[in-house]
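> Below is one structure. I have some questions about it.
Please treat every number below as a calculation from the coordinates, not as lab data. The shown structure was predicted, so the numbers you read here are calculated from the model rather than taken from an experiment. Because the Cβ atoms are built from the backbone with ideal geometry, glycine has one as well, and the counts that use them run over all protein chains shown.
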Amino acid sequence: MRKGIGRREFLKGMGGAGAAAAMGWLRPGGAGAVPGVFRWASGSEARALDPARAITTGDSLARCWANGLLRFKPGSGDPSDFELDLAEKWDSSNGGKTFTFQLRKGVQAHHGAGELTSADVKWTFERLRDKRLTSIFAGRYTGIDGIETPDRYTVRFHLKEPDGLFLTKMMNFRGGYILSRGKAADDVATNYMWRPIGTGPFQVVATKPKEAYILERHEKYFRGTPKIRRYEYLIIADINTRILGLKRGELDAIYLATLPKRLLDSLKADPNINVDVPDSDYAASLHFNLRMKPMDDIRVRQAIAYAINRKEIVDLFAPMARPLYSVVSPSAVGGLKLEDIPAGLRYEHNPGKAKALLAEAGHKSGLRLETAVSPLPHIQRPIQVIQQHLAQVGIQLKVNVVEQTIYLRGSRQDKYPLVSYGGKRFPHAYDHLFEWYHSKSDVNLPTRQTNISHYGSLVGNVDKLIEEIGRISDTKRQIELAKQAQLQILKDLPAYPFYTPLVGFAHRKNVKFGFKFEDQTVYQYVLDERSEVL
């Protein structure tokens, strides 16, 4: 590393004993940019790189090494503006119950795994739904009745019933990434957890969980050999260390998360740096575990909602945050805006009403609750403010700060009566509603996704509305049904939506992506064969 950042500073920023090993990924004595090497730093580690099990970091990184049958246009997160990827054409028949894809010929997988064929596509989705894998995305594909491969380059999906959004499930997002079976150690490729085999412009060559993920260009990429030869994903916990590294040129791009205004302004003022803050469908909500007392009492849930002041949470991160009043962000297709929601379902800050509801529910002397939270600022800081709000109405909330992976795992294990949880999803109301609020998505079921409140099983149910949204292709009607579902959820209150963090990124101007970056679906910059570091 060059003099701009000392070894001690980076060790401190990367945190813990593992930082010394991670230092090996950084070039000793490096002076600024190295053409052909892209150095990205984030404070977030991946739970896995296997796209069947990866969320946030791992899922976003998959966009660089894997392909879907279809894809978002590079730089875009618009679900209506997709294009062909591994498929060269597709068609639908049998009243929307059959989808046939013709694959590109000659697509080579990573590490000598050979040509990608229809057998790999079939295996990818059968593996995803295999109960031994326990993929959290399996629920998105329960509508598949069967998959056949008439020949080496044709794959045909037979559905149980029409699915108006089936094509979105074939895109390069979450479960839609196609893997090659060529290097799989067994039927569910347990060896793909950290070394998956795809067909994208870059291939995974080394991983050190909690430290770094290293990708190198795929020389045989079907769209052409990438200009960037190496992608270094570095985990550097401290935002100030990341910013310093970017300004000094030791890093090419960084994850900003939701950044305080003073730091955002300092980056924008740097003539060598560009800052990107795309729109976001991130929906952060306080999820109530309906299996646990006192969360089974709607008066307690309403009291908590009225106790919280959204404005104070948003002010933590202004201008990189906005209040959220529905469980689906208005940035997603079908998400509700404030004016779409009746005043009585907005749960505006009202401590007096909160105290009255607690007293009515038999908790006049208050409550003691416990939760866990990730140390990531956009997750931890809001819950700390909520903790203060609840204390003002007599609710003592104990907050345990744990590692991100422990937080994610614990939120699905019925450990706490309430959990602050949110994230980006495919930017359509259906995906948000199905994953968080359909009864089949209950985290205790084999079809589990992220329904951590157990909504639909114990309290309320909007399953039929969600299912109808998925069946039809009429966008206007989908939006109408999504509104009905969201309003019902606000009435039942299995979760209290409170804010959307606008996740930011920054890069040095010597980085050229080859496309305009406006993607709201990822947590990092996505590179393709055109991207360059000059």
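> Using 0.36 nm per residue of separation minus the Cα-Cα distance, give me the extension gain between R530 and Q484 in nm, one decimal.
Result: 12.2 nm gained on full extension.
> Given Cα positions, please report Rg to Rh for the chain, the hydrodynamic radius being the Kirkwood one.
Across the chain, the Cα-based Rg/Rh ratio is 0.97.
> Same structure again: On a C-alpha basis, how far is the centre of the range 381-444 from the centre of the range 149-191 in Å? Whole number, if you could?
For the range 381-444 versus the range 149-191, the Cα centre distance is 30 Å.
> Given +1 on the Cβ of Lys and Arg, -1 on the Cβ of Asp and Glu, and no further charges, what dipole in debye does the range 283-501 carry about its Cα centre, rounded to the nearest 20?
Rounded to the nearest 20 debye, it is 280 debye.
> What aspartates and glutamates could a cross-link reach from K210, if we take a straight Cα to Cα line under 12 Å and drop same-chain neighbours fewer than 8 places away?
Cα-Cα hits under 12 Å: E45, E403.
> May I ask you to list the residues of the range 476-505 whose amide nitrogen lies under 19 Å from a point 7 Å from Cα along the Cα→beta-carbon direction of R346?
Within reach of a label on R346: 483-484, 486-493, 496-500.
> Here's something else I'd like to know. Would you kindly give the portion of the calculated P(r) for the range 367-489 that falls above 17 Å, as a percent of all Cα pairs?
I get 62 percent for the Cα pairs in the range 367-489 exceeding 17 Å.
> May I ask you to list the residues of the range 447-474 whose amide nitrogen lies under 12 Å from a point 7 Å from Cα along the Cα→beta-carbon direction of K491?
Counting backbone N atoms under 12 Å from the label point, the list is 460-462.
> Given a Förster distance of 30 angstrom, what is the FRET efficiency for D81 paired with T142, based on the Cβ-Cβ distance and rounded to 0.05?
0.65
> Assuming R0 = 25 Å, what is the FRET efficiency of E360 and E403, from their Cβ-Cβ distance, to the nearest 0.05?
Result of the calculation: an efficiency of 0.05.
> Which far-off residues, 5 or more places away or on another chain, put their amide H under 5 Å from the one on V333, with H placed in the peptide plane?
Excluding prolines and chain starts, which carry no amide H, the hits are H428, A429.
> Still on this model: As an exercise, identify the trypsin sites (Lys or Arg not before Pro) in the range 64-122 lying in DSSP coil whose Cβ has no more than 16 other Cβ atoms within 10 Å.
K105
> Something else now. Taking a cut-off of 15 Å between Cα atoms, list the aspartates and glutamates near K122, but don't count ones fewer than 8 places away on the same chain.
Qualifying aspartates and glutamates at Cα under 15 Å: D130, D145, E148, D151, D187.
> Still on this structure: Which whole-percent values make up P(r) of the range 67-192 when all C-alpha to C-alpha distances are grouped in 10 Å steps starting at zero?
Result returned by the calculation: 13, 45, 36, 6, 0.
> Just to confirm a number: summing +1 for Lys and Arg and -1 for Asp and Glu over residues other than K89 whose beta-carbon lies under 15 angstrom from that of K89, what do you get?
Computed value for this residue: -1.
> Oh, and also: What is the count of Lys pairs in the range 283-501 whose alpha carbons sit under 15 Å apart, if the two are 8 or more places apart or on different chains?
Lysine pairs satisfying the spacing and distance rule in the range 283-501 number 8.
> In nm, what is the difference between 0.36 nm times the number of residues separating T225 and K509 and their Cα-Cα distance?
100.0 nm
> Next up: Taking only Cα atoms of the range 283-501, what ratio of Rg to Rh do you get with Rh as the Kirkwood inverse-distance radius?
Taking Rg over the Kirkwood Rh, I get 0.94.
> Report the charge-dipole magnitude of the range 75-130 in Debye, nearest 20, computed about the Cα centre from +1 at each Lys and Arg Cβ and -1 at each Asp and Glu Cβ.
Dipole about the Cα centre, nearest 20: 260 debye.
> Run through all the Cα pairs of the range 347-406 and give the fraction in each 10 Å bin from 0, expressed as whole percent.
The calculated distribution, bin by bin, is 22, 44, 26, 8.
> Treat every Asp and Glu Cβ in the chain as -1 and every Lys and Arg Cβ as +1, leave all other atoms uncharged, and give the resulting dipole magnitude about the Cα centre to the nearest 20 debye.
Computed about the Cα centre, the dipole is about 1280 debye.
> Near A269, within a Cβ-to-Cβ distance under 14 Å, what is the net charge of the other residues, with Lys and Arg +1 and Asp and Glu -1?
Spelling it out: positives minus negatives among the neighbours equals +3.
> Quickly estimate the mean residue ellipticity at 222 nm for the chain, helices only: each DSSP H run with n ≥ 4 gives -39500 (n - 2.57), and the total goes over all residues, rounded to 500.
For the chain, the value works out to -7500 deg cm²/dmol.
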